[in-house]
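The values are calculated or read from the model by the stated rules, or taken from the named source; none is laboratory data. Just so it is clear, the model here is predicted, and its values are computed rather than measured. Methodologically, a virtual Cβ is constructed for each residue, glycine included, from the backbone with ideal geometry; neighbour enumeration extends over all protein chains shown.
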Amino acid sequence: MSSGTGRGEVAGIAATGKSVPAPAMVFYKVKGERITQFCPHFDLALLMSQLS
């Protein structure tokens with residue numbers, strides 16, 4: 001679970017100053033000892049509903 005605080009406009013929604021939780025997953029592709037790809041996934045609809 002990650003969280004963030006609405007401090008700036010996001011997709012037309014004004015900053016609220018609210019801290020909101022957002023379930024998230026992050027996938028990494030690794031070659032050797034280096035991360036070659038970073039792919040975050042989260043529920044955008046849930047996040048937007050909490051910001052508005």
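Contact map, the range 36-52: first residue at pLDDT 80 or above and surrounded by 11 or more Cβ atoms within 10 Å (Cβ to Cβ), second residue not in a strand (DSSP E or B) and not small (Gly, Ala, Ser), Cβ cut-off under 7 Å, separation 6 or more or different chains; pairs are PHE42/PRO23; ASP43/PRO23. Take the conditions (1) in contact with a Leu (Cβ under 8 Å, 6 or more places away or on another chain); (2) not in a loop (DSSP other than H, G, I, E, B); THR16 misses just one of them, which is (2).
Does the range 27-50 hold any residues that are part of a strand (DSSP E or B) and farther than 23 Å from ARG7 by Cα, and which are they?
PHE27, TYR28, LYS29, VAL30, LYS31, ARG34, ILE35, THR36, GLN37, PHE38, CYS39 - these are the residues of the range 27-50 that are part of a strand (DSSP E or B) and farther than 23 Å from ARG7 by Cα.
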